Amino acid sequence: MALNHDEVPVLDALARYREAGELGFTPPGHKQARGADPRARAVLGDAVFLGDVLANGGLDDRLSRGRVLERAEELMADAVHAEHTFFSTCGSSLSVKAAMLTVTRPGHRLLVGRDAHKSVVAGLILSGVEPVWVEPEWDAGRHLAHPPSAAAYEKAFGEHPEADGALVTSPTPYGSAADLGGIAEVCHRRGRPLIVDEAWGAHLPFHDGLPSWAMDAGADVCVTSIHKMGSGLEQGSVFHLQGDLVDPAELSSRADLLGTTSPNVLLYAGIDAWRRQMVQHGRELIDHALQLAYRVRAGIEEIDGFHVNDADDFCGPGLAAEFDPLPVVMDIGDLGTTGYAAADWLRERHHLDMHLFDHRRISAQFTHGDDEDTAARLLSALRDLAGHADELRDAPRVDVPSPAELRMAQVTLPRDAYFADHADVPVKEAEGRIAGEMITPYPPGIPAVLPGERLTAPVLRYLTSGVRAGMNLPDAADSGLDTFRVVAKD
């Protein structure tokens with residue numbers, strides 16, 4: 001029987017809660033805004049507090065007999081061609097850990113693209129799983145990594161046939177996407193599941209002009225962030241499942257193990273409403289976003305010192321398989337400055353916040369929420385940036401290693417190094433020591449250093465020069481990198 005996508009079970013249940021005048025002698029303690037600080041209500045609005053109710057014993061009864069969340073998840077699964085869907089209010093950082101802990105277990109191996117997000121590394125630390133790192137497709141000229149190829153996963157399985165499965169990140173925050181169909185075939189020929197960290201791909205199922213959607217490409221588990229390219233609230237995430245290689249009950253159990261027992265219903269409502277919006281209007285909304293992005297790309301290309309990366313730059317042999325044009329990635333190397341300096345200037349002068357920034361790029365993420373006004377404001381600010389580039393040319397430079405120099409040997413398990421006794425050593429004494437911490441330039445959140453890797457001079461120069469240039473390292477014990485946290489006895 002076809003499902004009715006006009007329904008929004010979570011939003012409808014919230015409306016019924018309000019209409020019935022439900023009175024909760026339960027958390028949350030603000031009691032439908034009555035106890036909230038009036039100053040907070042003035043900023044946040046009462047709608048935030050009125051929508052903040054218990055999931056069970058509030059939105060639904062104490063035994064979930066209304067099946068509110070279950071029906072919302074069934075509708076989402078139907079919308080994106082999955083067999084099962086699970087909502088998460090803890091972001092895709094939790095969802096990907098749940099998927100990893102379902103597919104593999106402590107002491108086992110998992111094939112993982114080395115361009116994985118820090119949440120994947122956190123999953124390795126929590127689980128005690130041994131990663132078999134699969135090298136990305138490196139564009140040495142642009143100093144940029146694209147997702148690993150199917151051939152790279154084939155090679156890794158050939159060397160480690162006992163691995164429990166594989167994980168790939170696609171699309172990347174820069175918009176480049178993997179050959180998911182090819183990687184899925186490599187996995188399934190061996191009876192192994194494929195996890196796709198598709199956090200940046202929530203929009204992909206709803207338009208055929210975008211890269212392949214993981215479920216359509218044959219992935220077993222797919223994790224996506226509704227808040228990134230969709231219109232859900234921050235931390236809203238879903239993970240989807242299909243096929244018989246992963247037990248849905250086990251996946252649900254792992255999510256329950258890691259997740260909160262106090263989920264925020266507002267996040268559920270955002271996910272539920274976004275699904276209805278996309279089923280009903282997704283094609284036209286994304287069509288508009290794509291057309292707008294194409295016009296903006298053309299406009300930026302006309303600005304002196306800017307080059308907008310496109311499929312010709314990112315796709316081809318030894319590069320990515322597919323390309324999403326909505327992350328508008330701009331190479332500003334010809335302006336003679338860094339992405340860090342440019343991003344700071346745009347925020348200070350034009351109150352614009354860039355999606356990504358690195359040693360030579362800035363990126364503006366477009367979604368169906370953008371319009372002619374937001375596009376015009378971006379173009380105006382970028383023209384102004386080009387006109388003031390002379391002011392930014394003294395920005396400190398980043399010493400970016402070659403792909404070969406960037407990779408360090410993993411000499412102990414991430415878990416073992418992370419939980420070992422640590423010492424903080426001056427940077428001049430760190431070379432050759434085993435890292436005891438994760439160090440991650442953010443954004444995009446891909447670790448440059450993993451616990452258990454042996455530190456090398458090129459990576460140390462990269463990070464220390466990056467900090468001087470404005471790189472943000474939020475997870476380093478010493479964010480200024482005067483010292484590095486290493487394994488005390490190695």
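The values are calculated or read from the model by the stated rules, or taken from the named source; none is laboratory data. Worth saying up front: this structure is predicted, and the values here are computed from it rather than measured. Neighbour counts are summed over all protein chains in view; Cβ atoms, including those assigned to glycine, are modelled from backbone coordinates with ideal geometry. The area values use the complete protein model at the heavy-atom level, side chains included, leaving out ligands, DNA and RNA. Shrake-Rupley method; radii C 1.70, N 1.55, O 1.52, S 1.80 Å.
Things to note:
- Checked against the criterion of being outside any helix (DSSP H, G or I), buried (at least 22 other Cβ atoms within 10 Å of the Cβ) and free of Cβ contacts under 8 Å to residues at least 60 places away in the same chain, the candidates Thr337, Thr261 yield just one match: Thr337.
- Single residue of Val168, Val196, Val186 found to be free of Cβ contacts under 8 Å to residues at least 60 places away in the same chain and within 16 Å of Gly445 (Cα to Cα): Val168
- Pick from segment 1-17, criterion in contact with a helix residue (DSSP H, G or I) (Cβ under 9 Å, 6 or more places away or on another chain) and exposed (fewer than 13 other Cβ atoms within 10 Å of the Cβ), ranking: farthest from Asp78 (Cα to Cα): Asp6
- Where Gly336 falls short, out of the listed (1) farther than 30 Å from Phe86 by Cα; (2) in contact with a Ser or Thr (Cβ under 9 Å, 6 or more places away or on another chain): (2)
- Test result for Leu110, under 20 Å from Leu245 (Cα atoms), open to solvent by less than 40 Å² (accessible area, probe 1.4 Å) and at pLDDT 95 or above: yes
- Close pairs (8 angstrom Cβ cut-off, 6 or more residues apart or separate chains): over 18 Å from Asn472 (Cα atoms) in segment 342-366, outside any loop (DSSP other than H, G, I, E, B) and of a type in the set (S, T, N, Q) anywhere: His350/Ser380
- Complete set of residues in segment 308-332 that are part of a strand (DSSP E or B) and in contact (Cβ under 8 Å) with a residue 24 or more places away in the chain: Cys315, Ala320, Glu322, Phe323, Pro327, Val328, Val329, Met330, Asp331
- Any pair with Cβ under 6 angstrom, 6 or more apart, that starts in segment 383-406 at a residue that is touching a residue at least 12 places away in the same chain (Cβ under 8 Å) and closer than 19 Å to Arg347 by Cβ and ends at one that is of a type outside the set (Val, Ile, Thr) and open to solvent by 40 Å² or more (accessible area, probe 1.4 Å): Ala386/Asp304; Pro396/Arg468
- The set of residues from segment 187-227 being under 27 Å from Gln291 (Cβ atoms) and among the charged types (D, E, K, R) comprises Glu198, Asp208, Asp216.
Table: residues versus (1) surrounded by fewer than 16 Cβ atoms within 10 Å (Cβ to Cβ); (2) modelled with pLDDT of 95 or more.
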position: Ala55; (1), (2): no, no
position: Asp60; (1), (2): no, no
position: Leu63; (1), (2): yes, no
position: Arg71; (1), (2): no, yes
position: Val80; (1), (2): no, yes
position: Glu83; (1), (2): yes, yes
position: Ser88; (1), (2): no, no
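- Single match in Ala156, Ala145, Ala151 (criterion: touching a Pro at 6+ places or on another chain (Cβ under 9 Å) and either part of a helix (DSSP H, G or I) or open to solvent by 40 Å² or more (accessible area, probe 1.4 Å) (or both)): Ala156
- Counted residues, segment 441-465 - those being over 16 Å from Pro401 (Cβ atoms) and either surrounded by fewer than 19 Cβ atoms within 10 Å (Cβ to Cβ) or under 18 Å from the mean Cα position of the chain (by Cα) (or both): 4
- Scanning segment 303-324 for residues that are of a type in the set (A, V, I, L, M) and open to solvent by 50 Å² or more (accessible area, probe 1.4 Å) yields one hit, Ala321.
- Selection within segment 154-208 - among the aromatic types (Phe, Trp, Tyr) and farther than 17 Å from Gln365 by Cα: Phe157, Phe206
- As for segment 466-477, it holds no residue that is without any contact (Cβ under 8 Å) to a residue 12 or more places away in the chain, part of a helix (DSSP H, G or I) and either at positive phi or open to solvent by 60 Å² or more (accessible area, probe 1.4 Å) (or both).
- Pick from segment 341-364, criterion under 18 Å from Arg377 (Cα atoms) and basic (Lys, Arg), ranking: least open to solvent (accessible area, probe 1.4 Å): Arg349
- Segment 279-302, subset touching a His at 6+ places or on another chain (Cβ under 8 Å) and open to solvent by less than 20 Å² (accessible area, probe 1.4 Å), residue farthest from His143 (Cα to Cα): Gly282
- Checking Gly58 against (1) in a helix (DSSP H, G or I); (2) in contact with an Asp or Glu (Cβ under 8 Å, 6 or more places away or on another chain); (3) more than 18 Å from Gly232 (Cα to Cα), the condition it does not meet: (1)
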